[in-house]
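Notes follow once the structure below has been shown.
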Amino acid sequence: MKQPPATNTTPHASPDASVQANNGWSVDSWRSKAVAHDVQYPDESALARALGQLRAFPPLVTSWEIERLKGHLADAEAGKRFLLQGGDCAEMLSECRPEAITNKLKILLQMSLVLVHGSKRPIIRVGRFAGQYAKPRSSETESGTLPTGEAAELPSYFGDAINGAAFTAADRTPDPARLVAAYQHSAMTLNFIRSLLDGGFADMHHPEYWDLSFFEHADLSPQSRDEYRRISQSLAEALKFMEAIGEARVDELTRVEFFTSHEALNLLYESAQTRKVPRRTRHYDLTTHLPWIGERTRGLDGAHVEFFRGIANPVGVKIGPKADPAEVVELTRVLNPANEPGKLVLIVRMGAHRIAEALPRVVEAVAGAGRRGLWVSDPMHGNGIVTPTGIKTRSFSSIAAELSGAFDAFDALGTTRRDGEEVPVAQLGGVHFELTGEDVTECTGGASGVTEAGLADRYDSLCDPRLNYQQSLELALILARRLSDTSRA
Ligand code: PEP
Ligand code: CO
């Protein structure tokens, strides 16, 4: 596979020589491999202290939640559910605030409601949250101006779990205490989310409770507002009707669950919370339900693939336009050796202009090899552009075009006979978005009318540009229309 050159690859000496069975896999076997996007910690004893704490802390999620998600993902592979995965590109520790968290939940809930309506399938809600604190960067260092006015070259910002965003030597030095802070902020976020859900915040009977703060905004397009209102009212009515006639599946449809996910970039962090739990035979990464491997770290010989081949969680892997189909097939073998349904999430991020040419090759190779995986479209990461004034953005139209191109590419693969039935060769089972519940101006276009000139108005992301709440809802409406066409076909 042609990988972008890793900016920093170092083998780590293993502190635990007792490599277990499982084809040489252990919680620490990744340490003998090259670690793409590795972090150099200047203070080794501080690092050892932080990892000791992380190893001792209770898990953030449980193995039965992870297994439940795996079951849902297996259903999505079979076309019986649809995955909605979304959240910030990079979470910030300072954004661990009730308003920011509830707004993120609300937009994901609203989107999922629209998708339930369109797809007529239960939606699996997975946040890019409660742990999305470590980022790969295309360049290891960055030049800039220090607060003193001097020019300097400093390490890039690698996410709040690693270093600080401010352009000072102190902030940009990797600090292991941040790994502990990231764990703690993930725990606080999750605690709040779990309490909200338990307390009925997401009651499907009352979707109107989720939208107050959004709908007070005057600038939501009247069409989107009306369409959403119509959908939420008709769903609430349908629900009451089904309950009135005693439909058993209502409980399943109305149960609002959220799962967590993040790019599992920092293997020191991930492995410190990876353990065997009572009455289970395998190891679980208990920092999140669904860790994923990024486009820059999915090398077959690298530490990330080594680590993730041995854990029981479902694992995501990003696939860019230059991916070699044969190597993607090999990834499906290594990351899902038992070819378990629900185990592997293949997140394609090709770019609107590449999808028609790049996606079918990969999907056909995987399907042709009889390998399982849930195909998910990330229409964000192949569509980044930089404006003439140097602002990173993405246009709503290119995002919508990639999404539609992904559906077209799967449709064009046609059907095949399996177990006496005519089934699609492969199908799109989910989407992966960078979005926020806030009214930011980071992506251009959509009915919200964010222009290039207006990007600076409220650009809060420290990494990639996110869809704001209006753009997110608009995209969900477009997606729902497409899913509803598919479900009728
Ligand atoms: C991301 O999801 O923020 C990311 C860096 O994606 P990719 O690995 O696909 O570039
Ligand atoms: Co991103």
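Kirkwood Rh and Cα-based Rg: tell me the resulting Rg over Rh for the range 340-393, rounded to two decimals. Before the final figure, lay out each step's value.
Details: Rg = 14.5 Å, Rh = 12.8 Å.
Computed over Cα atoms, the ratio is 1.14.
Full extension from LEU146 to ARG194: what is 0.36 nm times the residue separation minus their Cα-Cα distance, to one decimal in nm?
Numbers: separation 48, 0.36 × 48 = 17.28 nm, distance 4.13 nm.
Net length gain for the segment: 13.2 nm.
Quick check: at a probe of 1.4 Å, how many percent of the accessible area of the chain sits on carbon and sulfur atoms? Walk me through the intermediate numbers first.
On the way: 10340 of 19750 Å².
Roughly 52 percent of what the probe reaches on the chain is carbon or sulfur.
Starting from the 7 Å offset along Cα-to-Cβ, what nm value, one decimal, do you get for the label separation of ARG97 and THR281?
Result: 4.9 nm between the two label points.
Solvent-accessible area per residue for the chain at a 1.4 Å probe radius, Å²? Mind dumping the intermediate values first?
Working: 19750 Å² over 489 residues.
I get 40 Å² per residue for this part.
Taking every DSSP beta bridge with both residues inside the chain, roughly what % is antiparallel (nearest 5)?
Working: 16 of 49 bridges.
Antiparallel bridges: around 35 percent, rounded to the nearest 5.
Which of the cysteines found in the chain have nothing to pair with, since no other Cys Cβ lies under 4.7 Å from theirs?
CYS96, CYS443
Helix check for the chain. Which DSSP H runs span at least 20 Å along their own axis by Cα, with a mean Kyte-Doolittle hydropathy no less than -1.0? Display every interim value, and only then the final one.
Values: long enough: 63-77 (21 Å, -0.80); 98-119 (31 Å, 0.65); 177-198 (31 Å, 0.43); 222-244 (33 Å, -0.93); 396-412 (24 Å, 0.73); 469-488 (28 Å, -0.24).
Both cut-offs are met by 63-77, 98-119, 177-198, 222-244, 396-412, 469-488.
If I model a spin label as a point 7 Å beyond the Cα along the Cα-Cβ vector, how far apart are those points for GLU243 and THR389 in nm?
Spacing of the two 7 Å Cα→Cβ label points: 5.0 nm.
Two decimals is fine: what's Rg over Rh for the chain, C-alpha atoms, Kirkwood radius as Rh? Intermediate values should be presented prior to the final figure.
Details: Rg = 21.9 Å, Rh = 23.1 Å.
The Rg/Rh ratio comes out at 0.95.
For the range 333-489, take the alpha-carbon Rg, divide it by the Kirkwood Rh, and send me Rg/Rh.
Numbers: Rg = 17.4 Å, Rh = 16.9 Å.
My calculation puts Rg/Rh at 1.03.
The values are calculated or read from the model by the stated rules, or taken from the named source; none is laboratory data. Worth saying up front: this structure is predicted, and the values here are computed from it rather than measured. With ideal geometry, Cβ positions are generated from the backbone for all residues, glycine too; neighbour counts draw on all protein chains shown. Each accessible area value is taken on the protein alone, full model and side chains, heavy atoms only, with ligands, DNA and RNA left out. Shrake-Rupley method; radii C 1.70, N 1.55, O 1.52, S 1.80 Å.
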